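What follows is a short report on a single structure.
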Amino acid sequence: MFRFCPSCASPHIRFEYAKVFRCPDCGFVYYHNVASATGCVIMVGEAIALLVRAKEPARGKLDLPGGFVNPDEEAAAGLRRECREEIGWDPGPELAFLGAFPNTYPYKNIVYKTCDFYFTVSAPDLTESRFTLDPKEIAGVRFMNPREIKAQDLAFDSARQAVALFISRFSSLSCASA
Ligand SMILES: [Zn+2]
């Protein structure tokens, strides 16, 4: 990630362990800490809304709406902002916390380790026509029964865990489609 120390330009900076970069020449230390991100399970009857990613990583794979939390931003507010940006739809203040899972997000030669906070929201009357997709981010929308989603079609590990937890938590959905 660093070829030279950002502080003294020494070429001896090294990746020490897990998340720590240290320069032996000037003492510069950088902690590449876990970042926070969010995701939303939008429940539309027995289906949930999946987005088709338009960009790398995992272009063409399915994802839940959401994204990185900004500095000083409340997680739920970050999720609502990301939804407005990605799909032009605000899930509103009724978000319910589902769970938080680790994820790995490689982007332009940097591997970001994240902790992704997932929320649910019920929007029984929601249709695709209510969305305004950001074409740079999102290539399409799929409304799917969560039990019909193949794990390998999801872009990220954290979303796989969130969908699995969602299915186990909302057993009425499982029964309805059994
Ligand atoms: Zn240095």
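The values are calculated or read from the model by the stated rules, or taken from the named source; none is laboratory data. Bear in mind the structure is a predicted one, so any value in this text is a computation, not a measurement. All Cβ positions, glycine included, derive from the backbone under ideal geometry; neighbour counts span all protein chains shown.
Brief remarks on what is shown
- The set of residues from region 56-80 being surrounded by 14 or more Cβ atoms within 10 Å (Cβ to Cβ) and more than 18 Å from Val141 (Cα to Cα) comprises Phe68, Val69, Glu73, Ala75, Ala76, Ala77, Gly78.
- There is no residue in region 2-10 that is part of a loop (DSSP other than H, G, I, E, B), touching a Lys or Arg at 6+ places or on another chain (Cβ under 8 Å) and at pLDDT below 95.
- All conditions in (1) more than 16 Å from the ligand (Cβ to nearest atom); (2) touching a residue at least 40 places away in the same chain (Cβ under 8 Å); (3) not assigned by TED's automatic domain parsing to the domain that holds Val141 hold for Ala58, with the sole exception of (3).
- Top-ranked residue of region 1-42 - restricted to ones that are of a type in the set (A, V, I, L, M, F, W, C) and more than 16 Å from the ligand (Cβ to nearest atom), ranked as farthest from Leu165 (Cα to Cα): Ala18
- In the condition set (1) in a loop (DSSP other than H, G, I, E, B); (2) aliphatic (A, V, I, L, M); (3) closer than 21 Å to Lys108 by Cβ, Ala37 is compliant with all but (1).
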